[in-house]
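Trainee: The structure's right below; bear with me while I get my questions together.
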Amino acid sequence: MPYYARIGDVPPKRHTQHRGGDGGLYSEELMGSEGFSADSSLLYHREIPAAISAARPWEPPALDTVANHPLRPRHLRTHTLTVPDGGWGGVDAVTGRRLLLGNADVRIGYVAAGAPSPLYRNGTGDECVYVEAGTARVDTVFGTLAAGPGDYVVVPCGTTHRWTPTGDGPLRAYVIEATSHIRPPKRYLSASGQFLEHAPYCERDLRRPAGPLLEDGTDVEVHVKHRGAGAAAGAGAGAAAGTGPAAGGVAGTVLTYRTHPFDVVGWDGCLYPYLFNIGDFEPITGRLHQPPPVHQVFEGRDFVVCNFVPRKVDYHPDAIPTPYYHANIDSDEVIFYTGGDYGARRGSGIGPGSVSLHPAGHTHGPQPGAVQASLGVEYVDELAVMVDTFAPLGLGSGGLACEDPDYAWTWAAHAAAPGGAR
């Protein structure tokens, strides 16, 4: 995280005795990244955070993928994913996730949930969850976050937390799981980590937990996703080809803790979960069409996250507001269409809840007629989240279950015949 925070009861000096009102000594935990060499926080527990009494295997949601072969663009309709017989009221935001796309660097999933999740910790990397619809309380060892539509919920690797939907309808969430950290782009930050003036958002836009969360309990189970067999070879030939486990060797374990993990009386540091709402992203515009990097919001190892928000568009008298055709020769492009009217895709079948995959090796762009229809447009009302990956993505079981098989041919289906009028 780019800035320091201090919440709750913290001693004046780190690594010193810190006692409660009864004289008992709190347990200090350093939660740090990159082996004591990067961002960290110190948490002060009422009990011993390492005290586990049991462990058993847990099978996380299916993470296997198949290659995008033969190569073609894909359209996934997340809103058509089947719901269990008990309805979304019996699905939680952790164990109910469906894998759409994945490689050794990032897994992209979707869930519609109505039930509280188990306590959960991802030990393989950070998570960035975009809330499409609904509301949720996200309880963490750092405190509680109240998430709603348009919120990115960024949860650092190793953070114990729990999702509880709070609205009348399902919590619909688009889940980005990294095998690295997810951070604001380096070009937005100063050498000391402050957001710079040209950044499209800043510290004021980030919402962190307001205070400590204390719960009592004994023999409390926590579902842990962690590195497993084959993790060291996660970037090998199978992962690069988009086949086999997208997780690069992910396993699951349920750990039983003697006391409740939510026993932190205070914490401080620069590593903690936070919220950022897509509505607080200030778009960068120009006289001519701006390339996707101006829309970037986060970055991970070998992938970036961008968002497209409602904005004024190009104001050159001969400007073409729609994107030009482009071939991402180094990356696969994934866009989740979450609201508004995405004019460049009109006629393709894409709508709210759609996910498009345009892989490296395929030239793509606006649907036939979209360029002409955009001429003279001064404002676009679109809302979308884009992930660009620098290794090929395979298709997960969730993606295969909701694919529109006709999408790849939509450019040809509406294009004029050779030599005909355009």
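Trainee: Please work out which one of (1) assigned to a helix (DSSP H, G or I); (2) touching a residue at least 24 places away in the same chain (Cβ under 8 Å) is the condition V387 fails and give its number.
Mentor: (1)
Trainee: So, one more: Within segment 299-313, can one find any residue that is more than 29 Å from K186 (Cβ to Cβ) and open to solvent by less than 50 Å² (accessible area, probe 1.4 Å)?
Mentor: no
Trainee: Among the candidates G365, G376, G369, single out the residue that is without any contact (Cβ under 8 Å) to a residue 60 or more places away in the chain, of a type outside the set (S, T, Y), closer than 21 Å to A319 by Cα and touching a strand residue (DSSP E or B) at 6+ places or on another chain (Cβ under 9 Å).
Mentor: Matching residue, one of G365, G376, G369: G365.
Trainee: Can you name the residue in segment 24-34 that is in a loop (DSSP other than H, G, I, E, B) and modelled with pLDDT of 95 or more and is also surrounded by the fewest Cβ atoms within 10 Å (Cβ to Cβ) among such residues?
Mentor: Looking at residues that are in a loop (DSSP other than H, G, I, E, B) and modelled with pLDDT of 95 or more, I get G24.
Trainee: Among the residues of segment 149-158, write down those that are outside any strand (DSSP E or B), in contact (Cβ under 8 Å) with a residue 24 or more places away in the chain and within 15 Å of the chain's Cα centre (by Cα).
Mentor: Of everything in segment 149-158, those that are outside any strand (DSSP E or B), in contact (Cβ under 8 Å) with a residue 24 or more places away in the chain and within 15 Å of the chain's Cα centre (by Cα) turn out to be G150, P156, C157.
Trainee: Could you please find all residues in segment 161-205 being in a strand (DSSP E or B) and small (G, A, S)?
Mentor: Across segment 161-205, the qualifying residues are A173, A178.
Trainee: Here's something else I'd like to know. Answer with yes or no whether P49 is under 19 Å from the mean Cα position of the chain (by Cα) and more than 20 Å from V131 (Cβ to Cβ).
Mentor: For P49, the condition - under 19 Å from the mean Cα position of the chain (by Cα) and more than 20 Å from V131 (Cβ to Cβ) - is not met.
Trainee: Of the residues N122, N68, which single one is open to solvent by less than 50 Å² (accessible area, probe 1.4 Å), over 27 Å from F281 (Cβ atoms) and not acidic (D, E)?
Mentor: N68
Trainee: Also, I was wondering about something else. Within segment 355-396, which residues are open to solvent by 20 Å² or more (accessible area, probe 1.4 Å), of a type in the set (V, I, T) and over 21 Å from E282 (Cβ atoms)?
Mentor: Of everything in segment 355-396, those that are open to solvent by 20 Å² or more (accessible area, probe 1.4 Å), of a type in the set (V, I, T) and over 21 Å from E282 (Cβ atoms) turn out to be T363, V371.
Trainee: Residues in segment 240-252: is at least one of a type in the set (A, V, I, L, M, F, W, C), modelled with pLDDT of 90 or more, buried (at least 22 other Cβ atoms within 10 Å of the Cβ) and assigned to a strand (DSSP E or B)?
Mentor: Yes, some residue in segment 240-252 is of a type in the set (A, V, I, L, M, F, W, C), modelled with pLDDT of 90 or more, buried (at least 22 other Cβ atoms within 10 Å of the Cβ) and assigned to a strand (DSSP E or B).
Trainee: What is the one condition in (1) surrounded by 12 or more Cβ atoms within 10 Å (Cβ to Cβ); (2) hydroxyl-bearing (S, T, Y); (3) within 30 Å of the chain's Cα centre (by Cα) that S37 does not satisfy?
Mentor: (1)
Trainee: Output the residues belonging to segment 299-355 that are part of a loop (DSSP other than H, G, I, E, B), in contact with an Asp or Glu (Cβ under 6 Å, 6 or more places away or on another chain) and closer than 24 Å to Y379 by Cβ.
Mentor: The answer is P310, P321, D341, Y342.
Trainee: Would you check if there is a residue in segment 3-10 being open to solvent by less than 20 Å² (accessible area, probe 1.4 Å), of a type outside the set (A, V, I, L, M) and in a loop (DSSP other than H, G, I, E, B)?
Mentor: no
Trainee: Need the failing condition index for D280 against (1) open to solvent by 20 Å² or more (accessible area, probe 1.4 Å); (2) closer than 22 Å to H161 by Cα; (3) modelled with pLDDT of 95 or more, just the number.
Mentor: Checking D280 against (1) open to solvent by 20 Å² or more (accessible area, probe 1.4 Å); (2) closer than 22 Å to H161 by Cα; (3) modelled with pLDDT of 95 or more, the one that fails is (2).
Trainee: Does G134 meet the test of being crowded, with 17+ Cβ neighbours inside 10 Å and on the phi > 0 side of the Ramachandran plot?
Mentor: yes
Trainee: So, in segment 283-298, of the ones that are open to solvent by 30 Å² or more (accessible area, probe 1.4 Å), assigned to a loop (DSSP other than H, G, I, E, B) and not β-branched (V, I, T), which residue ends up farthest from G125 (Cα to Cα)?
Mentor: Here the residue is R287.
Trainee: Collect the residues in segment 61-71 that are at pLDDT 95 or above and assigned to a loop (DSSP other than H, G, I, E, B), keeping them in residue-number order.
Mentor: Hits for segment 61-71 are A67, N68, H69, P70, L71.
Trainee: Additional query: Given G143, G148, G114, G89, which one is surrounded by fewer than 23 Cβ atoms within 10 Å (Cβ to Cβ), among the small types (G, A, S) and modelled with pLDDT under 95?
Mentor: The conditions single out G89.
Trainee: Out of all the residues in segment 11-23, is one or more at pLDDT 95 or above, surrounded by 14 or more Cβ atoms within 10 Å (Cβ to Cβ) and either among the small types (G, A, S) or touching a Lys or Arg at 6+ places or on another chain (Cβ under 7 Å) (or both)?
Mentor: no
The values are calculated or read from the model by the stated rules, or taken from the named source; none is laboratory data. Predicted, not measured: the structure shown is a model, and the values here were computed from it. Glycine also receives a Cβ, built like all others from the backbone with ideal geometry; neighbour counts cover every protein chain displayed. Areas reflect the complete protein model, heavy atoms only, side chains present, ligands, DNA and RNA absent. Shrake-Rupley method; radii C 1.70, N 1.55, O 1.52, S 1.80 Å.
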